[in-house]
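The values are calculated or read from the model by the stated rules, or taken from the named source; none is laboratory data. Quick caveat, the model's predicted, so the values are computed rather than measured. Cβ coordinates were reconstructed from backbone atoms using ideal geometry, including for glycine residues, and neighbour counts include every protein chain displayed. What goes into the accessible areas is simple: the full protein's heavy atoms, side chains included, and nothing from ligands, DNA or RNA. Shrake-Rupley method; radii C 1.70, N 1.55, O 1.52, S 1.80 Å.
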Amino acid sequence: MREPGEASKVAAGMEANGPDYARLDQEASTLVFALAKGSAADLVYLGARLPEDEDLAALALATARSLHESQSDRPPTPGLLSQRREGWSGTPAVSLGPSDENCDEAPHLHEVDLRLSEWEARAQQLSLTYQDDRFGLEIEQRWRITASGMITAKASITNTGAHAFTLDGLSALAMPIPARFDQLISFSGRWASEMHETRQPLAPTGFARHSAIGKPGFGGGNWLVLEDEASDEVLGAHLAWSGDYDTRVECDNAGASDGRPILQMGARLDSGEVTLEPGARHETPEVLITAAPDRSALAQRFHRHAREQILPKGTQTAPRKVHLNSWEALGFNLSEPDLFALVDAASELGIERFVLDDGWFGGTEERRQNDRTSLGDWFVSRDVFPAGLTPLIEHVKAKGMDFGLWVEPEMLSPQSDLYRAHPDWCLHTTGAPRPTMRNQLVLDLTKPEVTAYLAERLNALLTEHDIAYLKWDHNRDLFPLTGKGTAHTRALYRLIDDLRAAHPAVEIESCSSGGGRIDYGILARTDRIWPSDNNDAIERLRIIPAWSQFVPLEVLGNHVGPSPNPITGRRLAMDFRAKVALFGHMGVEADPRAMREADRTNLAAHIALYKQWRGTLHAGDLWRLDHPDPGVGGLMVTHQDTALALVGQTQFSPAFDAAPIRLKGLEPETLYRVTLPQPWPPKAALYLPNAQSWQSGVALSGQSLMTQGLALPLTHPETAWLIALEKITT
Ligand code: GLA
């Protein structure tokens, strides 16, 4: 044991001649790195912008630790590339295996010795190069900070040696977590119930999640929020990848290293999935991280990044159109008379886009009448459409709407012409059973003939018809996928990218039984996300705030569903369903013909409100509203001179006099004209004093609205209010 007095030397990275320091800054954020040539790179600071003249060596010293009694003489510093070489016991950021021809020469985990060889800091980017000369490995990590304050990190590995080896894992990000973040908010879910939050202390147990179904799935482990409980500051993290992920936070309880937990995120690789021949290089997807003063500010950072850097440009030049989707109205029971009547009813509501969902296609022996057949046979069913799709599309257009079509290109029904012709085109193991899910198999996109067939079919559909929009669905897990996950995801990206390039005006929505594949990788090539198959407004009051922590409202499809709801069985008033659907990209997924006249009128009024407010909702800053009653939740968007808030109530209030709802994001000194847009929730509206004032508008300062708030009648379950604000300019 070391004597206490001996513990005097500061921790690794602070050698006698000391490391160099580099900083990356943006308007509101700073990142500081310690760079010790021949040794390691470390994170010194990640947070709010520091002064220009901050002494970076002093900054490092301020959080450096001395040695304790039970520690290596030179404690391992996992830093930005955790390795085992100095006795660190966590998961290494790089793990390698032997290739077939190189059984004896692959480095063991304890032998990898990657040392920082050079770095380049330029504008808002830092690239770090590490080398292991003995085994011929080179790692490059690239950090970037964007104008929005979003930090991106990714890594690549190059085989600079003479022998091939396999790559079993490479973290896109490996980073010591700044010590002030002590809480971990993670997400979990299932079909129709996505993105539930769990809060837990970050230490001492840490956290580990991964997916192994070829996509992120409903599990939500590709998103993370770390929180400093004392100040509300949060750090959000996400892997921008539509394949499997591996997320972990490892805490060094034993104190072998410097005690900081390490956050690692990357694409999960199967053992031996990637073989690196001499000279070959493999690159990870990107991780996004950012620290922000609170969860509203964090949402705004992600939204700004998505809007400026991720979402496809070009398609979103016009306001987001109100959809009517045929699925909940007709299911598989498609007929031209029904569809034409549905189009007419949609147009009377003010719908702007008619989306024909599942059931329109088929092959020579069967057509898609249920979910057991025809995926792969992407030909318009002549049983349903004797003259093809064009008459329906013409009718839709004559009513002033555009036309969208559902497809599920990556899938294959065993009962289909395509499967009969090409039984080897699906993911399978030779000689083994082919397990189905929703009665379907998955096409192997790593086969060029498969993607060529899909490209031909999709191109033909888009060329032969006037289609403005595709709903691209993906309704099962990918297995058996062993060893092909990365190649499969990349092939999917190429397929969509090529299609977009050939049809630049066509918008694409990504759906995966709802929220089974939502990430910034798919968002970079799609315009809209279907966040959940669950349209129940009570569920949506949780699901939309959860997704909008990371994804902007305009991308989140939000539909008015039927009552009773087909998934939950719950009956909810139209006024409530319609208000909740307004916060997102609004649509209707119910049969207007089956609605009562009063409900149709109410829905049409909300569609008109959406059209009036979408300019604010889809470009503004999102704020998460708090209320002491757990049954009350709210979101608010501020944009230029306007703001709109949604306050929803799920349960009967325990208090007669519910606490006022306090708004956010307003200018304290500015006067706002506040109205409660109608229609109002019928029962709750009886409890609204001075109804006339709330119609014509009440002038209140931003300060009073944020400090004291508005005492809405927040008593009745299953009601919602909209609050509209406009700056009063004198
Ligand atoms: C999935 C989607 C639904 C609908 C059906 C059609 O479940 O999530 O929205 O398109 O497929 O089969």
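What 222 nm value per residue comes from the helices of the chain, counting each DSSP H run with n ≥ 4 as -39,500 (n - 2.57) and dividing by all residues, nearest 500 deg cm²/dmol?
That comes out to -6000 deg cm²/dmol.
Does the range 23-79 classify as rounded, prolate or oblate by the C-alpha gyration tensor (a ≥ b ≥ c root eigenvalues; a/c under 1.5 gives rounded; else a/b over b/c gives prolate, otherwise oblate)?
Prolate, because a/c is 1.5 or more and a/b exceeds b/c.
Can you give me the Cα centroid spacing of the range 479-540 and the range 177-252 in angstrom?
If we compute the Cα centre of each part, the gap is 21 Å.
Could you list which residues have their amide H under 5 Å from that of HIS559, counting only those 5 or more apart in sequence or on another chain, with H placed in the peptide plane?
Under 5 Å from the amide H of HIS559: GLY587.
Could you tell me how far the Cα centroid of the range 607-683 sits from the Cα centroid of the range 312-390, in Å?
Here the two parts' Cα centres lie 35 Å apart.
Residue farthest toward the positive end of the dipole of the chain, with Cβ of Lys/Arg at +1 and Asp/Glu at -1: which of ALA212, TRP721, ASN690?
Selected residue: ASN690.
In square nanometres, what is one fourth of the surface area of the convex hull spanned by the alpha carbons of the range 500-594?
6.7
By how many nm would the segment from SER271 to GLU449 grow when fully extended, if each residue of separation counts as 0.36 nm and the alpha-carbon distance is taken off?
Result: 61.4 nm gained on full extension.
How much of the DSSP bridge set in the chain is antiparallel, in percent, rounded to the nearest 5?
Given both bridge residues lie in the chain, the antiparallel proportion sits at roughly 85 percent.
P(r) for the range 15-140: what percent of alpha-carbon pairs falls in each 5 Å bin, starting at zero?
Cα pair-distance distribution for the range 15-140, in percent: 2, 9, 17, 19, 19, 14, 10, 6, 3, 1, 0.
Convert each backbone phi in the range 725-730 into a coupling constant with the Karplus relation 6.51 cos²θ - 1.76 cosθ + 1.60 (shift: θ = phi - 60°), then list the ³J(HN,Hα) values in order as whole Hz, x for Gly and Pro.
Listing the rounded values in order: 10, 9, 5, 8, 9, 9 Hz.
What is the distance, in nm, between label points placed 7 Å from the Cα along the Cα-to-Cβ direction at ARG596 and at THR670?
4.0
Would you mind checking which residues have amide H under 5 Å from ALA280's amide H? H placed 1.01 Å from N; only 5 or more apart, or other chain.
For ALA280, whose amide H was placed from the backbone, the distant partners under 5 Å are ASN159.
Roughly speaking, to the nearest percent, how much of the chain's 1.4 Å accessible area is carbon and sulfur?
Its accessible area is 50 percent carbon and sulfur atoms.
If each of LYS727 and ASP53 carries a label point 7 Å out from its Cα toward its Cβ, how far apart are those two points in nm?
Distance between the two pseudo-spin positions: 3.5 nm.
About the Cα centre of the range 349-459, how large is the charge dipole given +1 on each Lys and Arg Cβ and -1 on each Asp and Glu Cβ? Please answer in debye to the nearest 20.
Using Cβ point charges on Lys, Arg, Asp and Glu, the range 349-459 gives about 140 debye.
³J(HN,Hα) across the range 264-273 via Karplus (A = 6.51, B = -1.76, C = 1.60, θ = phi - 60°), whole Hz, x for Gly/Pro?
10, 9, x, 7, 6, 10, 6, 4, x, 4
Taking +1 at the Cβ of each Lys and Arg and -1 at the Cβ of each Asp and Glu, which of VAL380, GLY404, SER326 sits farthest along the dipole of the range 317-408 towards its positive end, judged by Cα position relative to the Cα centre?
Checked the options; the winner is GLY404.
About the Cα centre of the range 492-611, what is the dipole size in debye to 20, counting +1 per Lys and Arg Cβ and -1 per Asp and Glu Cβ, all else neutral?
Roughly 240 debye, rounded to the nearest 20.
May I ask for the Rg/Rh ratio of the range 571-700, computed from Cα atoms with Rh as the Kirkwood radius, given to two decimals?
0.95
Contour minus end-to-end for ALA608 and ASP424, with contour as 0.36 nm per residue of separation and end-to-end as the Cα-Cα distance?
Net length gain for the segment: 61.2 nm.
With +1 assigned to the C-beta of every Lys and Arg and -1 to the C-beta of every Asp and Glu, and no other charges, what is the dipole magnitude of the chain about the Cα centre in debye, to the nearest 20?
It comes to approximately 1720 debye.
Can you work out the PRE-style zone for SER66? Point 7 Å along Cα to Cβ, and I want the residues of the range 180-213 with backbone N under 19 Å.
none
Dipole of the chain (Lys/Arg Cβ +1, Asp/Glu Cβ -1, origin at the Cα centre): which of GLY557, ALA306, SER156 lies farthest to the positive side?
Of GLY557, ALA306, SER156, it is GLY557.
With a/c under 1.5 counting as rounded, go ahead and sort the chain into rounded, prolate or oblate using the C-alpha gyration tensor (a ≥ b ≥ c being the square roots of the eigenvalues; past the cut-off, prolate if a/b is larger than b/c, else oblate).
Cα axes put the chain in the oblate bin.
Using per-residue counts of other Cβ atoms within 10 Å, averaged over each peptide, order 671-680, 137-146 from highest down.
137-146, 671-680
Which of the lysines could a cross-linker bridge to LYS471, judged by Cα under 29 Å and excluding same-chain residues fewer than eight apart?
Those lysines meeting the cut-off are LYS215, LYS313, LYS321, LYS397, LYS399, LYS447, LYS484, LYS579, LYS611.
Given the C-alpha centroids of the range 548-562 and the range 13-82, what is the distance between them in whole angstrom?
Cα centroid to Cα centroid, the span is 40 Å.
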